[in-house]
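J.: Here it is: the structure, laid out below.
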Amino acid sequence: MATADQILASLAGRLRGRPVPDDLRRLVAIQAARPAGEQRARDPLLHTRTVIFEPGESDALLDHSYLNENDRADPDIMANIAAIDTVLPHAAWIGTLVDGDVVGYWLHPDEPVGEPPLVVTFSTEGEFDIQPGESLVEAVIYHYAGYQDDRFAAAAELYEAHGLPIAARRADDLPHRRAVVDPAALHSKRYEEECAARGLS
């Protein structure tokens with residue numbers, strides 16, 4: 001297992017010069033210092049099934065290694081893959097969430113540099129989504145608990161017990177920030193263009 005410093009150095013590279021957010025630093029510290037056999041009930045990352053990428057790690061969703069020969073022979077699927085590949089580079093992908101989705105920061109060049117970056121997910125269904133909340137931890141809790149208030153509050157309290165204050169105790173309390181360039185809309189536009197280029201529309 002990598003040390004916290006090694007993980008942070010890798011994340012700094014993924015973030016392309018932006019500072020590593022404070023809550024991400026704390027998550028890295030929790031993950032790197034996890035005792036062997038730690039119980040899910042006591043570890044917020046294990047509890048919400050969240051993993052921060054260590055150096056050199058990625059996910060099959062990002063490199064499409066899950067595709068089989070039939071998938072690669074399907075022009076519609078490959079048009080979608082080509083569209084996805086134009087959106088993926090606009091995010092700094094930093095880990096995985098409860099249901100296998102990948103999570104990161106949306107760094108499209110049209111987004112304001114002076115504000116905390118939006119948290120974006122790319123799902124196992126091939127969908128991009130900007131998560132509610134002001135931070136990665138809030139997005140993680142929302143992705144884990146959704147609108148189940150008791151589940152949300154319990155996860156928030158567990159993260160808070162590990163030095164990550166969470167003001168919200170339910171999903172309805174989270175702000176919804178909008179991207180200047182929405183990744184889902186960009187994906188849809190690029191998919192249409194890829195289909196047209198392949199004579200599929």
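J.: Go through the residues of the stretch 70-82 one by one and say whether even a single one is touching a helix residue (DSSP H, G or I) at 6+ places or on another chain (Cβ under 6 Å), free of Cβ contacts under 8 Å to residues at least 40 places away in the same chain and closer than 20 Å to Y191 by Cα. Before the answer, list the steps.
T.: Here is the first cut: in the stretch 70-82, the residues touching a helix residue (DSSP H, G or I) at 6+ places or on another chain (Cβ under 6 Å) are 71, 77, 79-80, 82.
So of that shortlist, the ones also free of Cβ contacts under 8 Å to residues at least 40 places away in the same chain come out as 71, 77.
Next, from what is left, pick out any that are closer than 20 Å to Y191 by Cα: 71, 77.
Yes, there is a match, as at least one residue in the stretch 70-82 is touching a helix residue (DSSP H, G or I) at 6+ places or on another chain (Cβ under 6 Å), free of Cβ contacts under 8 Å to residues at least 40 places away in the same chain and closer than 20 Å to Y191 by Cα.
J.: Which ones in the stretch 7-22 are exposed (fewer than 15 other Cβ atoms within 10 Å of the Cβ) and in a helix (DSSP H, G or I)?
T.: The answer is A9, A12, G13, D22.
J.: Could I ask something else about it? Can you confirm whether V103 is crowded, with 19+ Cβ neighbours inside 10 Å, free of Cβ contacts under 8 Å to residues at least 24 places away in the same chain and in a strand (DSSP E or B)?
T.: Working: crowded, with 19+ Cβ neighbours inside 10 Å: yes; free of Cβ contacts under 8 Å to residues at least 24 places away in the same chain: no; in a strand (DSSP E or B): yes.
When the stated conditions are applied, V103 does not pass them.
J.: Residue check, G133 against (1) under 16 Å from the mean Cα position of the chain (by Cα); (2) without any contact (Cβ under 8 Å) to a residue 60 or more places away in the chain; (3) surrounded by fewer than 18 Cβ atoms within 10 Å (Cβ to Cβ); (4) in a loop (DSSP other than H, G, I, E, B), all met but one. Which one?
T.: Evaluating G133 over (1) under 16 Å from the mean Cα position of the chain (by Cα); (2) without any contact (Cβ under 8 Å) to a residue 60 or more places away in the chain; (3) surrounded by fewer than 18 Cβ atoms within 10 Å (Cβ to Cβ); (4) in a loop (DSSP other than H, G, I, E, B) leaves (3) as the failure.
J.: Output the qualifying pairs, or none if there are none: Cβ atoms under 7 angstrom, residues six or more apart or on different chains, first residue in the stretch 153-170 and over 19 Å from D22 (Cα atoms), second residue surrounded by fewer than 20 Cβ atoms within 10 Å (Cβ to Cβ) and among the acidic types (D, E).
T.: Close Cβ pairs (under 7 Å, with a partner that is surrounded by fewer than 20 Cβ atoms within 10 Å (Cβ to Cβ) and among the acidic types (D, E)) amount to R170/D149.
J.: Quick check: is even one residue across the stretch 122-130 of a type in the set (S, T, Y), touching a residue at least 24 places away in the same chain (Cβ under 8 Å) and in a strand (DSSP E or B)?
T.: Among the residues of the stretch 122-130, not one is of a type in the set (S, T, Y), touching a residue at least 24 places away in the same chain (Cβ under 8 Å) and in a strand (DSSP E or B), which makes the answer no.
J.: State all residues of the stretch 171-187 that are touching a residue at least 24 places away in the same chain (Cβ under 8 Å), more than 30 Å from R34 (Cβ to Cβ) and either in a helix (DSSP H, G or I) or in contact with a Ser or Thr (Cβ under 7 Å, 6 or more places away or on another chain) (or both); if no residue qualifies, say none.
T.: Narrowing the stretch 171-187 to residues touching a residue at least 24 places away in the same chain (Cβ under 8 Å): 171-172, 174-184, 186-187.
So of that shortlist, the ones also more than 30 Å from R34 (Cβ to Cβ) come out as 172, 175-184, 186-187.
Within the stretch 171-187, D172, P183, A184, L186, H187 qualify.
J.: Tell me which helices (runs of 4 or more DSSP H) are completely within the stretch 23-93 and hold 3 or more residues being touching a Lys or Arg at 6+ places or on another chain (Cβ under 8 Å), on the phi > 0 side of the Ramachandran plot and modelled with pLDDT under 95, or say none if there are none.
T.: Values: elements: 44-47, 60-63, 69-73, 75-87.
Output list is empty.
J.: When you look at G146, is it among the small types (G, A, S), surrounded by 19 or more Cβ atoms within 10 Å (Cβ to Cβ), under 17 Å from the mean Cα position of the chain (by Cα) and on the phi > 0 side of the Ramachandran plot, yes or no? Full working, then the answer.
T.: Values: among the small types (G, A, S): yes; surrounded by 19 or more Cβ atoms within 10 Å (Cβ to Cβ): no; under 17 Å from the mean Cα position of the chain (by Cα): yes; on the phi > 0 side of the Ramachandran plot: yes.
Spelling it out, it is not the case that G146 is among the small types (G, A, S), surrounded by 19 or more Cβ atoms within 10 Å (Cβ to Cβ), under 17 Å from the mean Cα position of the chain (by Cα) and on the phi > 0 side of the Ramachandran plot.
J.: I'm trying to understand the selection: among the residues of the stretch 24-40, which are free of Cβ contacts under 8 Å to residues at least 12 places away in the same chain and either among the aliphatic types (A, V, I, L, M) or touching a strand residue (DSSP E or B) at 6+ places or on another chain (Cβ under 6 Å) (or both)?
T.: A36
J.: Go through the stretch 189-201 residue by residue and tally those that are in contact (Cβ under 8 Å) with a residue 24 or more places away in the chain and either within 29 Å of P44 (Cα to Cα) or among the hydroxyl-bearing types (S, T, Y) (or both).
T.: Count: 1.
J.: Would you please list the contacts, defined by Cβ atoms under 7 Å and residues six or more apart or on different chains, that run from a residue in the stretch 6-23 that is free of Cβ contacts under 8 Å to residues at least 40 places away in the same chain to a residue that is in a helix (DSSP H, G or I) and β-branched (V, I, T)?
T.: Matching pairs, first to second residue: L8/V28.
J.: Within the stretch 152-168, is even one residue of a type in the set (V, I, T) and modelled with pLDDT of 95 or more?
T.: Pass one, the stretch 152-168, residues of a type in the set (V, I, T): 166.
With modelled with pLDDT of 95 or more added as a condition, the list becomes none.
Among the residues of the stretch 152-168, not one is of a type in the set (V, I, T) and modelled with pLDDT of 95 or more, which makes the answer no.
J.: Also, quick follow-up: Going by the structure shown, is L61 touching a residue at least 60 places away in the same chain (Cβ under 8 Å), within 18 Å of F122 (Cα to Cα) and of a type outside the set (S, T, N, Q)?
T.: Working: touching a residue at least 60 places away in the same chain (Cβ under 8 Å): yes; within 18 Å of F122 (Cα to Cα): yes; of a type outside the set (S, T, N, Q): yes.
Considered against the rule, which asks whether it is touching a residue at least 60 places away in the same chain (Cβ under 8 Å), within 18 Å of F122 (Cα to Cα) and of a type outside the set (S, T, N, Q), L61 comes out as yes.
The values are calculated or read from the model by the stated rules, or taken from the named source; none is laboratory data. Predicted, not measured: the structure shown is a model, and the values here were computed from it. Please note: Cβ atoms are built from the backbone with ideal geometry, for glycine as well, and neighbour counts cover all protein chains shown.
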